[in-house]
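J.: Below are the structure tokens for one structure; questions will follow.
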Amino acid sequence: QVQLVESGGGLVQPGGSLRLSCAASGNILSINVMGWYRQAPGKERELVATIAGDSSTNYAHSVKGRFTISRDNTKKTVYLQMSSLKPEDTAVYYCYADILTRITFVRLEVWGQGTLVTVSS
């Protein structure tokens, strides 16, 4: 069994900063891409940022220059540092990982449970 557990969401004022963390655990051999997606009320889930195993990154245009994605492979953890937050960043943020499992060598796309980020004064 493999799971992702997110933390770090909450309420922040416009212009503020917040850091999200997501730790993977379970029967993991290796992790390829990790990333963050978000879903605002009434909208579809959208890509925020991804980071590959070689640490190459990809960002949505709307967050480029404000958000930074990083990972710690020893901790099987991905982070999202969010700065200059805007009300339109309000959403549930979901962690994602492309995982190769131990023993069975099955490749899984795993999602976290989501963490709410609210940007409001």
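J.: Kindly rank 25-31, 2-8 from highest to lowest mean number of other beta carbons found within 10 Å of each residue.
T.: Working: 25-31: 14.6, 2-8: 16.7.
Final packing ranking: 2-8, 25-31.
J.: Now, a different point. Can you work out the accessible area per residue across the chain, with the rest of the protein chains kept in place, probe 1.4 Å, in square angstrom? Could you put the intermediate results ahead of the total?
T.: On the way: 6480 Å² over 121 residues.
Per residue, the chain has 54 Å² of solvent-accessible surface.
J.: A further question follows. Can you compute the equivalent ellipsoid semi-axes for the range 28-121, i.e. the square root of 5 times each eigenvalue of the Cα gyration tensor, sorted largest first and rounded to whole Å?
T.: On the way: eigenvalues 133, 42, 22 Å².
Working from the Cα gyration tensor, I get semi-axes of 26, 15, 10 Å.
The values are calculated or read from the model by the stated rules, or taken from the named source; none is laboratory data. Computed from a predicted structure; not experimentally measured. Because the Cβ atoms are built from the backbone with ideal geometry, glycine has one as well, and the counts that use them run over all protein chains shown. Just the protein is used for accessible areas: all its heavy atoms, side chains included, with ligands, DNA and RNA removed. Shrake-Rupley method; radii C 1.70, N 1.55, O 1.52, S 1.80 Å.
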